[in-house]
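Single-structure report; data block below.
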Amino acid sequence: MTKKIFLRLFLGIISIIIPLLAVGFLINEVVQVHEYALLKWVAILICSLGFYISGLINIKTPLKFIPFLYLALLIFIPLRYFYFPLSLYLFIYATISLLLTRTEYNKTIKRYSFVLMTFTFVYFLLSQPLILREGNVVEHDIYDGIKNGTTIWNFNMEKINKLPDDNFIDLNNKIVQLKDFKNKTIYLSFWATWCKPCIEQKPQLEALKREFKDNLSIIFVDVSIDKDTARWLNFLNKHNPGGIQLLSNNEAKTRNLFNISGIPHHLVINKKTEYRKLNDFNLAKIILNSDKKIDDYIYKKLQIK
């Protein structure tokens, strides 16, 4: 490998930073897309543009060296986009983007690849709600929906969230699924020891747990997304929080499955394993005593007097 090829490969790998910064600024600051970090099409757009630029930089690089460019996909790990199956889609989009820049392939292959790329991108674009916020301060309604925003599209508006399959680790290092807690109402809290707002909120959460400690139909489950297991265990040993304590073994996957843009993040789950976000502890006090109120909240039929 010559120095010129090495330099082109290096520039190709770091070139993904260009669309990362550009798309991030445009979507977050200019268009002001709400919770854009949860949108899969954002990662796909960044990946496609980045690898196309990388391909143009390496248009004269021999094909046998091109696989080194896939190292750029590692940037999606800290961005929490690198989980299955999204990581597979990113690999496919990266491959097609590179293919479009190569002279070894004819126009027909490139044309069909581009059409496939475009149609699948549109699918991802429309598969999740697109909400534009108004201003930097987000106001929420009682269902934790955004009040000061405009919904461009939401084809899942009537869809009720069902508890996904995700594995957690308990204090005995055993695998646990939330579906194991059958016929129970679950108040689920996602947090981490490094999250200052989570720690500040702990006294309120513990007070809520104590208020319902005699209600055997309700269980409180705290799921940490800490990567440092020892730090998590030390916190639990020091503070002895109530409820069931679990640890996510795949933060990116957990964030994706439960649509977590930030923590602390709380959910109420009914006995039919349907759930809705519920960050308001005062509202939680009102509805947790009644299965009907919980269902009404999840179905957006709750009336507060």
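Read-outs: derived from the displayed coordinates by stated rules, not from any lab. These figures come from a predicted structure and were not determined experimentally. So basically every Cβ, Gly included, is an ideal-geometry build from the backbone, and we count neighbours across all protein chains shown.
Which residue fluctuates most in the GNM of the chain (Cα springs below 10 Å): 274, 104, 29?
Maximum among the listed residues: 104.
Counting other C-beta atoms within 10 Å, and keeping those with at most 10, which DSSP coil trypsin sites (Lys or Arg not before Pro) do you find in the stretch 1-77?
Passing sites in the stretch 1-77 are 60.
Rounded to the nearest 0.05, what FRET efficiency do residue 126 and residue 289 give with R0 = 41 Å and r taken as the Cβ-Cβ distance? Could you check?
The pair residue 126/residue 289 has a calculated efficiency of 0.55.
According to a simple spin-label model (label point 7 Å from Cα along Cα-to-Cβ), what is the distance in nm between residue 115 and residue 30?
Using points 7 Å along Cα→Cβ, the separation is 3.1 nm.
Rounded, prolate or oblate for the stretch 157-199? Axes are the square roots of the Cα gyration tensor eigenvalues, ordered a ≥ b ≥ c, and the cut-off for rounded is a/c under 1.5.
Oblate, because a/c is 1.5 or more while a/b does not exceed b/c.
Over the alpha-carbon set of the stretch 3-133, divide Rg by the Kirkwood Rh and report the Rg/Rh ratio to two decimals.
Dividing the radius of gyration by the Kirkwood radius yields 0.98.
Rounded to the nearest Å, what's the spacing between the alpha carbon centres of the stretch 205-249 and the stretch 51-100? Just the number, please.
The distance from the Cα centre of the stretch 205-249 to that of the stretch 51-100 comes to 40 Å.
Divide, for the stretch 130-278, the radius of gyration over alpha carbons by 2.2 N^0.38 Å, where N is the residue count.
Scaled against compact globular proteins, the figure is 1.09.
For the pair residue 196 and residue 147, what calculated FRET efficiency results from E = 1/(1 + (r/R0)^6), where r is the Cβ-Cβ distance and R0 = 30 Å, to the nearest 0.05?
0.70
Enumerate cysteines in the chain without a disulfide-compatible partner, where compatibility requires another Cys Cβ under 4.7 angstrom.
Taking the Cβ cut-off of 4.7 Å, the unpaired cysteines of the chain are 47.
Here are some pairs, 182/301; 209/301; 277/300; 179/272; 60/110; which of them have Cα atoms lying more than 21 Å apart in this structure?
182/301; 209/301
For residue 214 and residue 261, calculate 0.36 nm times their separation in residues minus their Cα-Cα distance, and state this gained length in nm to one decimal.
Taking residue 214 through residue 261 to full extension adds about 13.7 nm, to one decimal.
Starting from the Cα of residue 293, draw a straight line to each of the aspartates and glutamates and keep only those under 14 Å, dropping any in the same chain fewer than 8 residues away.
Residue 293 reaches 274.
Hey, fewest Cβ within 10 Å first, where do 118, 254, 151 land in order?
Going from sparsest to densest Cβ surroundings: 118, 151, 254.
Given H placed on each backbone N at 1.01 Å, which residues far from residue 131 in sequence or on other chains put an amide H within less than 5 Å of it?
34, 152
What is the extension gain from residue 56 to residue 106, computed as 0.36 nm multiplied by their sequence separation minus the C-alpha to C-alpha distance, in nm to one decimal?
16.4 nm
Rg and Dmax of the chain, using alpha carbons, in Å: what are they?
Here Rg and the maximum Cα pair distance are 22.7, 74 Å.
Between the stretch 176-192 and the stretch 1-44, how far is it from one alpha carbon centroid to the other, in angstrom?
Centre-to-centre (Cα) distance: 36 Å.
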